[in-house]
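Okay, so here's the structure we're looking at.
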């Protein structure tokens, strides 16, 4: 029996998920809602419906005999789409609204970690400007300012000076830069070290880890410029041994999922742990209730088992078998529209790169069609990935491709993977 699956979302992450699902023998068809026109290169069918309308999703599932739904982005998870699909008798992979609060509220996540002794930075939460200012002045810089709610990966300021911290508070409370997401702020102590991401399949207190990945948030080479939703990633991480993932599993991921079960909000889906590798060991920077973007684009190509079969087994309460390639490196680079992350310019031509084992593009903010050409419609237009036996070869392969393309109106970082190559 082959499944027909609906993936909720429209970005490169969902493109990667859909392509990986289709690569398995247990899948007949994948729809993506609303998807984007670049996805059709991988045989993904686009579903013209609004994921924010649960009734429309339920109707589509019934009309198209969909077997189960994979909810990709954070917003529908936090809005409770999984709960609504479950109530309609439709199997859905992703956390409930209550469990998704681990991403939807940084204060919720920090309080959970505090109660259960999970290693993370010291913090305080404020809902007014003056109290937040007093705290920042008392603690000084460097210090980290975070909007409590969802801010599309842009609600965090690592303030290296007192003025920068105070300006971040002004943007949140006075300018309302992040709207309701900035009704409260979480202010954390500064942690130093390298960041990395550990994503895991989770069902209650059971966990199946994926390979570690490292994202690059700043917009420009040398980690300069404003934070973005991510400008590239690579996996695995040669600068860290297997002990790091094992330690993070035992001190962070497993205690967190057990805590959520104990507190009545069991988690099923993908738990993303953003980690800082400090001198005291890994500590939590943030949790996400879904796969990371662009980490997904380098982790899933390493999967050697059937993604859909594994998830279906997990949802049915069984013991899935997820296996990963051990002798390959993956790297991806984001092609972003000029002006991103502030005011991205629309209309630039986005190169068409067909699917392949070693080179591939996953599309995101694009309009148009494969036949007539794709154009930029938002900030991150495409995520281009390359695979090779080691990271240096993968890096050479992807930049040979990108540097030979016409990327007028687009930009990309030229140093993805530099932290690993500088230290190994």
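The values are calculated or read from the model by the stated rules, or taken from the named source; none is laboratory data. It should be emphasised that the depicted structure is a prediction, and the values quoted were computed from it without experimental measurement. As a convention, Cβ positions derive from the backbone with ideal geometry for all residues, glycine included, and neighbour counts pool all protein chains shown.
Just give me the residues in segment 90-111 being out of contact with any helix residue (DSSP H, G or I) (no Cβ under 9 Å at 6 or more places or on another chain) and surrounded by fewer than 19 Cβ atoms within 10 Å (Cβ to Cβ), in sequence order.
111
Taking interchain pairs and intrachain pairs at least six residues apart, which have beta carbon atoms under 9 angstrom, with the first residue in segment 383-397 and without any contact (Cβ under 8 Å) to a residue 12 or more places away in the chain and the second outside any helix (DSSP H, G or I) and buried (at least 17 other Cβ atoms within 10 Å of the Cβ)?
Correct list of pairs: 396/386; 396/388.
Looking only at segment 308-329, decide whether some residue is over 28 Å from residue 95 (Cα atoms), crowded, with 22+ Cβ neighbours inside 10 Å and within 22 Å of the chain's Cα centre (by Cα).
First pass over segment 308-329, keeping only residues over 28 Å from residue 95 (Cα atoms): 326-329.
In the following step, the residues that additionally are crowded, with 22+ Cβ neighbours inside 10 Å were identified as 329.
When the remaining residues are screened for being within 22 Å of the chain's Cα centre (by Cα), the result is 329.
Scanning segment 308-329 turns up at least one residue that is over 28 Å from residue 95 (Cα atoms), crowded, with 22+ Cβ neighbours inside 10 Å and within 22 Å of the chain's Cα centre (by Cα).
Which of the residues spanning segment 179-189 are surrounded by 15 or more Cβ atoms within 10 Å (Cβ to Cβ) and either touching a helix residue (DSSP H, G or I) at 6+ places or on another chain (Cβ under 7 Å) or under 30 Å from residue 420 (Cα atoms) (or both)?
182, 184, 185, 186, 187, 188
Quick check, is residue 134 closer than 16 Å to residue 107 by Cα and surrounded by fewer than 18 Cβ atoms within 10 Å (Cβ to Cβ)?
no
Determine if segment 245-260 includes at least one residue that is surrounded by 20 or more Cβ atoms within 10 Å (Cβ to Cβ) and either more than 25 Å from residue 121 (Cβ to Cβ) or assigned by TED's automatic domain parsing to the domain that holds residue 156 (or both). So that I can check it myself, show each step before the final result.
Keep residues of segment 245-260 that are surrounded by 20 or more Cβ atoms within 10 Å (Cβ to Cβ), which gives 245, 248, 252-253, 256-257, 260.
Filter once more, keeping what is either more than 25 Å from residue 121 (Cβ to Cβ) or assigned by TED's automatic domain parsing to the domain that holds residue 156 (or both): none.
Checking segment 245-260: not a single residue is surrounded by 20 or more Cβ atoms within 10 Å (Cβ to Cβ) and either more than 25 Å from residue 121 (Cβ to Cβ) or assigned by TED's automatic domain parsing to the domain that holds residue 156 (or both).
Out of the residues in segment 351-377 meeting the condition of being part of a loop (DSSP other than H, G, I, E, B) and in contact with a helix residue (DSSP H, G or I) (Cβ under 8 Å, 6 or more places away or on another chain), tell me which one is nearest to residue 398 (Cα to Cα).
The qualifying residue nearest to residue 398 (Cα to Cα) is 358.
For segment 43-57, name all the residues that are more than 24 Å from residue 357 (Cα to Cα), modelled with pLDDT of 95 or more and surrounded by 18 or more Cβ atoms within 10 Å (Cβ to Cβ).
47, 54, 57
Could you tell me whether any residue of segment 404-411 is out of contact with any strand residue (DSSP E or B) (no Cβ under 9 Å at 6 or more places or on another chain) and at pLDDT 95 or above?
For segment 404-411, residues out of contact with any strand residue (DSSP E or B) (no Cβ under 9 Å at 6 or more places or on another chain) and at pLDDT 95 or above: present.
Let me confirm something: among 335, 303, which residue is within 17 Å of residue 16 (Cβ to Cβ), outside the structural domain of residue 29 (by TED's automatic domain parsing) and surrounded by fewer than 19 Cβ atoms within 10 Å (Cβ to Cβ)?
So the residue among 335, 303 that is within 17 Å of residue 16 (Cβ to Cβ), outside the structural domain of residue 29 (by TED's automatic domain parsing) and surrounded by fewer than 19 Cβ atoms within 10 Å (Cβ to Cβ) is 303.
From the list 7, 40, which residue is within 21 Å of the chain's Cα centre (by Cα) and either surrounded by fewer than 21 Cβ atoms within 10 Å (Cβ to Cβ) or part of a strand (DSSP E or B) (or both)? First the steps, then the outcome.
Details: 40 fails: within 21 Å of the chain's Cα centre (by Cα).
The conditions single out 7.
Where residues in segment 210-240 are on the phi > 0 side of the Ramachandran plot and assigned to a strand (DSSP E or B), which of them is farthest from the chain's Cα centre (by Cα)?
Going through the qualifying residues, I end up with 225.
Just give me the residues in segment 59-74 being buried (at least 18 other Cβ atoms within 10 Å of the Cβ) and either in a helix (DSSP H, G or I) or out of contact with any helix residue (DSSP H, G or I) (no Cβ under 9 Å at 6 or more places or on another chain) (or both), in sequence order.
Of everything in segment 59-74, those that are buried (at least 18 other Cβ atoms within 10 Å of the Cβ) and either in a helix (DSSP H, G or I) or out of contact with any helix residue (DSSP H, G or I) (no Cβ under 9 Å at 6 or more places or on another chain) (or both) turn out to be 60, 61, 74.
Identify all residues within segment 307-333 that are out of contact with any helix residue (DSSP H, G or I) (no Cβ under 8 Å at 6 or more places or on another chain) and not in a helix (DSSP H, G or I); write none if there are none.
Those that are out of contact with any helix residue (DSSP H, G or I) (no Cβ under 8 Å at 6 or more places or on another chain) and not in a helix (DSSP H, G or I): 316, 317, 318, 323, 326, 327.
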